[in-house]
Structures are given as C-alpha cells and as structure tokens.
Amino acid sequence: MGIYDQTYRRFEGKLQGRLVRITTILKNEFMRRIRNKWVLILLILAWSIGIFPIFTGGAFMAYFVLTFIWLLLFTAVVGGPILSEDFQFNSITLYLSRPLRKLDYFLGKYLTLFVLVSLIGFIPTIFVSAFIIGILYGTSVREFDYYTFSYSLMVVGLLMTFVFTNIGMAFSAMTKNHKYASGGIFAFLFFTNILSLALSNLYEDIMYCSIWANFMILFADWSSAGNNTLVDFDSNVSLAILMIISIICLTIVWIKLQRVELSE
Amino acid sequence: MSNSSKEKYSEDIITITHVSKWYGQVIGLNDISINIKRGITGLLGPNGAGKSTMFKIITGQIKPMLGHVKIYNKPVWNNYLLWEKIGYCPEFDSFWSELTGFKFIYFLSKLHGISSDDAKKRTEQALKLVDMVKDSHRKIKGYSKGMRQRIKVAQALVHDPEILILDEPLSGTDPIAKFTLINLFQQLESEGKTLIISSHVLEEVERITDNILLIHKGRLLAEGRIQEIRDLIDKYPHNIFIKTVDVSKLAQRLIKESSVLSVSKQDKPKGLMVQTHKPDQFYSKIANIILEENVEITQMSSTDDNLDAVFRYLVE
C-alpha cells in the first residue's frame, strides 16, 4: 500500500492565456473523437475509396461526388456529438465552471470540428493539388491551367469544410441527444440534395437548394477561370446561398450558447 | 487568534443579495440574501431545495433573475477571471467516461491555463489528496460511485482555488472515502479557504462544520449553529438505508441495539431500512457491528425523511 504525503500544497505557477485554454479544448476533443472506431473507419474508407482513385486518373466529378458522400457521413458522425454530448452528459458544467468565456468554449469546439472535417474536406485537396501540379505539369495530358485548377480545388475544399462545420455545429446545438443531431445533419444534407436533383428537371434553379450542387457550380466556375461550363448557374448565387446557410447555422449555435443556462 | 486573523476570518467572501431564480413556473431560489465568510459552511436542504441552483449562481454558470452575487466584492456574472478562484464539484456526474481519472483532471487543470508540467504535478497532488493515485490510470467508466465522487472533488481543487463549492460531495461514498474527504475539507479550511458544502444529510454536514444554512423550496429557512437544528431533528426518527446481501444476519444484530427503533427489509435494492432516534450513537456503533458480524455492506445512506420533518416544522 502506497502512503502519500497528503499535505496541501499551494499553486504558485503562472497561468497561461486564453489561446492555451482554447487549444486545450481542441486537443482534448480531437483526440477523443479520433479514437472512436467509427470515425477511424470512415476516415480510412474516405481516403482509400474517395481520394486515392484520383491519383490513378479518376475523374474529378467522381472525386467530388465521393468526397461529398464521405463528408456527409463523417460530419454526421463527428459533428453530431460535438456540442450535444456536453448537454446530454452535463459536461458543459465542467467547461463553464472554469475561467472560460462562452466564446472560448465555442472556438475550442468549432476548431475541433473544423480540423476533423478538413481531414476529408480540405487536407486531401492539398495532396491532390500537389499531385496535379507535380506530376501532370509540363505533360500534355490536358490543356488547362493546372495552378488555377488546383487553387480552386483547395479553396472549394476549404469552403466545404467551413460550411459542413457550421451545419454540424448547428444541428449539434439544437438537441441534447447526439444521435438526433447526427441524424439531423445526415437528413439535411442528404435530402436537400436528393430532392433538388429530383426536382431540377421541373425547375432548374432548384439546384441551388443542393449543397453539393453549389460546390460544383463554384468549382466549375473558379477552375475554368470564367469559362464556366455550367452556364445556367451563377456561382455568386451559390456562394451567397452557402454563406447564408453558414450565418444561420452560426446564429443558431450562438443563441443556444447564450441560453445554455435555461436548458437545465 | 490575532486581530488580523480575526479580521481575515470575519471578512465576507461571498455576498448574495436578494437573489431569485425561476425555471418557467418553478421557483429555484426565492429572495435569498446571505453573507458567507471564510471557513466551511454547510448548505443543508432536501433534494430539490435549490442548493444546486444556488451553487450554479455562485459559480457564475447561471444568472439570477433578481439580485446579485459578489465574490470579494466583485460581481460573479460574466466575470470569468474571478472563476479562477473558484473550484466547483457538481452534484451529478459530468465526465468523459472514456478518459482515465488522471487525464480527466489534467485536462481540466489545463483549462485553467496551468502549464503542462505544472498541470501534471497539480493533478498528481490532487489525486493524492483524495487518495485516488492507485486507480488514476483506469478509465472513469470503471469507477465506483465513491471513486467518482473523489475524482470530482480532485478536479475542483486541482487549480488551488480560494473558494470551493462542493455539491453533495459525500453522496454515495463509502466510510473510508467519507473519512478521507472530510479530513481533506478540514485541511483546506485550515489553509484559509472558503468551502460551501451541500448535503441533504445532517450527520454528514455535522461532521464537517457547525456553521450551516438551511434551505427549503428555494427559501433560506435558517442559518447559524447546527445544535439548534440538531435539537429539532432529535424529535423525529431518523432513517438509514444499509445495502447488504447479509440482510437477515445484520437485521438480527441491529434489532438488539438500544439506539434502533425498527428494522425493515427492502428488496430493491436489497438491504435494510433502519429507524433510529439516536443517529450519533448508531453511527458510532455500526462499524464495530459490521466487523463483529463479518457482513458485507456496499452502501449506507441516510434518507432525508427526518430533515423533511424539520423543514415542515420550520415552515409551519
């Protein structure tokens, strides 16, 4: 049996600033989520099925479709519990009884989800871009501006990460049950796309209701440097729609955090 | 005690002024005004009395609808720098149960802005204080109720707060853990800290402090010395639940005790409900009885029926 010195000792060290506290949340949350076997499985599948085919000459349209599907599933799995779990298991109390502002808590959680979503939404675009520039540049495979193409790919990847993070945060803030939150994220992203695609034959502009279609429109416009092949759609409208969705999502999260005391 | 020490100990640390809080139609706190000084204050009240609401207001987690709370004469609400001085142990388990006890406390200490090296040392020390070093690298989901309580207390004091707000810290703890924690609270008091400890069990609070606040249905009923409450309590029989598998053996032994009024069997959970009019005497003898009879007891808890009777008495 170990006998320990149980004399109380004062803490005389120096306290660090807000940034350290925010990154502590980020690090802890990231490690907790990434250790989840479903998250790891999804990540491995997304990288092996969704991303590697591009290196073997797969079409970019296929890349986007697959990325979107994996991103949808991944955001539902990692985004659903990001806030709702704290409400469900009351661990929000542990955060809010520390010297943290609600903004610090929000930033810690937001950055966690952003980094996680970027593992599928953004990080692969860097590798794909590097592949395009490094391998194909100088060859006569295709006649197009590799730099613009790669740059557009990364910007759209970053934008996808941003929008999906916002959607994930919003649904997670709306419920105490993380399964409902995950279901909500999946249903919202999946059905808006399916319905938009199904109804687009009747009314073309309804395609703007599809999150995926908006990213496609943006990529098509930006990567072609003005020679948009999807001529019927305006990339500015797509960008505006995605920004409006993001603002609505962030507003939902902020309102929820301001009202968190009432949720007891 | 020197004059400066007397002044130090008579200073109002927490000032609660006309605080009220509603949850929709339900009143949580009703026009509460208290000044809390250094040392240990016991907050006594039945479940649902408003103890947790008061703690959440003191720790700045919820805002009172009326009135205000000040700590060191500074408002608590939205004053996050003041929260560095507070350590809070919530009533309900709020864990990331897949973490080990060590990682859990380490993470929370980092949220206070303590550097990694210091956080490690502080975590180790906090675990020593609650006697949880041995199990600190096991996952929290495998902990017993008593271990969870000790981990919650450890996370509350890891950053060396000046004020400790402990919501039912002794609830569900075994006698050894209770002894460890009570010693710790008294040690913290001797360090000049301010502790507010809630309970719905008078005997628990009585072992820690004689300075209590009585709260019921959101109202402050009484404050002061515990003996006055004790005199009221002794008029009412006291119920103690003992969880054990050796029901018959223990019942036969207990019924012979002069301090025991009645013993009844309980099926869910399996155990005995003991009624006594001399709880002090009963508690002082129970450890010996357990040893003599060689029975296994997994839990012993006092129900708050008798306290309810006192509250009814005070209200009426």
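Assign unit charges at the C-beta atoms only (+1 for Lys and Arg, -1 for Asp and Glu), then state the dipole size of the protein assembly as shown relative to its Cα centre in Debye, rounded to the nearest 20.
Working: 62 positive and 54 negative charges, 175 e Å.
Charge dipole, the protein assembly as shown, about its Cα centre: 840 debye, nearest 20.
Please report A:Cys249, B:Cys89 as a ranked list, fewest other C-beta atoms within 10 angstrom at the top and most at the bottom.
Ranking A:Cys249, B:Cys89 by Cβ neighbours within 10 Å, fewest first, gives A:Cys249, B:Cys89.
Magnitude of the charge dipole for chain B, about its Cα centre and with charges confined to Cβ atoms of Lys, Arg (+1) and Asp, Glu (-1), is about 700 debye. A dipole drawn for the protein assembly as shown from +1 and -1 charges on Cβ atoms has a positive end, and of A:Val65, A:Ile241, B:Ala177 the residue lying farthest that way is B:Ala177.
What full-extension length gain, to one decimal in nm, is calculated for B:His137 and B:Leu261 as 0.36 nm per residue of separation minus the Cα-Cα distance?
Numbers: separation 124, 0.36 × 124 = 44.64 nm, distance 4.47 nm.
Additional length available on full extension: 40.2 nm.
Each residue in B:Met273, A:Met160 was given a count of other beta-carbon atoms within 10 angstrom of its own, and listing them fewest first yields B:Met273, A:Met160.
Using +1 on the beta carbon of Lys and Arg, -1 on that of Asp and Glu, and nothing else charged, what's the dipole of the stretch A:18-258 about the Cα centre, debye to 20? Before the final figure, lay out each step's value.
Working: 15 positive and 11 negative charges, 302 e Å.
My answer is approximately 1460 debye.
The local environment of A:Asp232, defined by Cβ-Cβ distances under 10 Å, has a net charge of -3 under the rule Lys, Arg +1 and Asp, Glu -1. Rounded to whole numbers, the Karplus 3J(HN,Hα) couplings from phi for the stretch B:148-164 are 4, 4, 5, 5, 5, 5, 4, 5, 6, 10, 5, 9, 6, x, 7, 10, 10 Hz, using 6.51 cos²θ - 1.76 cosθ + 1.60 with θ = phi - 60°, and x at Gly and Pro. Sorting the Cα pairs of chain B by distance into bins of 10 Å, from 0 upward, gives 6, 25, 32, 26, 11, 2 percent per bin. Each residue of the stretch B:62-71 was assigned a 3J(HN,Hα) from its phi angle through the Karplus expression (A = 6.51, B = -1.76, C = 1.60, θ = phi - 60°), giving 10, 9, x, 6, 9, x, 8, 10, 10, 10 Hz with x at Gly and Pro.
What number comes out for the charge environment of B:Glu257, summing +1 per Lys or Arg and -1 per Asp or Glu over other residues with Cβ under 10 Å away? Could you put the intermediate results ahead of the total?
Values: positive: B:Arg253, B:Lys256, B:Lys278, B:Lys285; negative: none.
Counting the neighbours of B:Glu257, the net charge comes to +4.
Cα gyration tensor of the stretch B:158-262, axes a ≥ b ≥ c as square roots of the eigenvalues: rounded (a/c below 1.5), prolate (a/b > b/c) or oblate? Judged from the Cα gyration tensor, the stretch B:158-262 comes out oblate (a/c at least 1.5, b/c at or above a/b).
Applying a threshold of 20 Å to the alpha-carbon distances of B:Lys249/B:Lys285; B:Lys145/B:Lys249; A:Lys176/B:Lys51; B:Lys37/B:Lys74; B:Lys21/B:Lys152; A:Lys109/A:Lys256 flags B:Lys145/B:Lys249; A:Lys176/B:Lys51; B:Lys21/B:Lys152 as lying beyond it. The phi torsions of the stretch A:202-216, fed into the Karplus equation with coefficients 6.51, -1.76 and 1.60 and a -60° offset, translate into couplings of 7, 9, 4, 5, 5, 4, 5, 6, 8, 4, 4, 4, 5, 5, 5 Hz, rounded to whole numbers, with Gly and Pro shown as x. A Förster radius of 51 Å combined with the Cβ-Cβ distance from B:Glu162 to A:Lys37 puts the calculated FRET efficiency at roughly 0.75.
Give me A:Leu94, A:Leu195, B:Leu291 sorted ascending by neighbouring Cβ count inside 10 Å, so fewest comes first. Write down the numbers at each step before the final one.
On the way: A:Leu94 22, A:Leu195 13, B:Leu291 9.
Ordered from fewest to most neighbouring Cβ atoms within 10 Å, A:Leu94, A:Leu195, B:Leu291 come out as B:Leu291, A:Leu195, A:Leu94.
Paramagnetic label reach from A:Trp254 (point 7 Å along Cα→Cβ; backbone nitrogen cut-off under 18 Å): within the stretch A:172-190, residues A:172-174. Give the residues of the stretch A:156-176 whose amide nitrogen is closer than 11 Å to a point set 7 Å from the Cα of B:Met65 in the direction of its Cβ. So the set is empty, nothing qualifies. Cα extents for the stretch A:152-264 along the principal axes, largest to smallest and rounded to whole angstrom: 54, 29, 18.
Read the figures in this text as sums done on the coordinates, not as results from a lab. The structure presented is a predicted model; accordingly, all values stated were derived computationally and were not measured. Methodologically, a virtual Cβ is constructed for each residue, glycine included, from the backbone with ideal geometry; neighbour enumeration extends over all protein chains shown.
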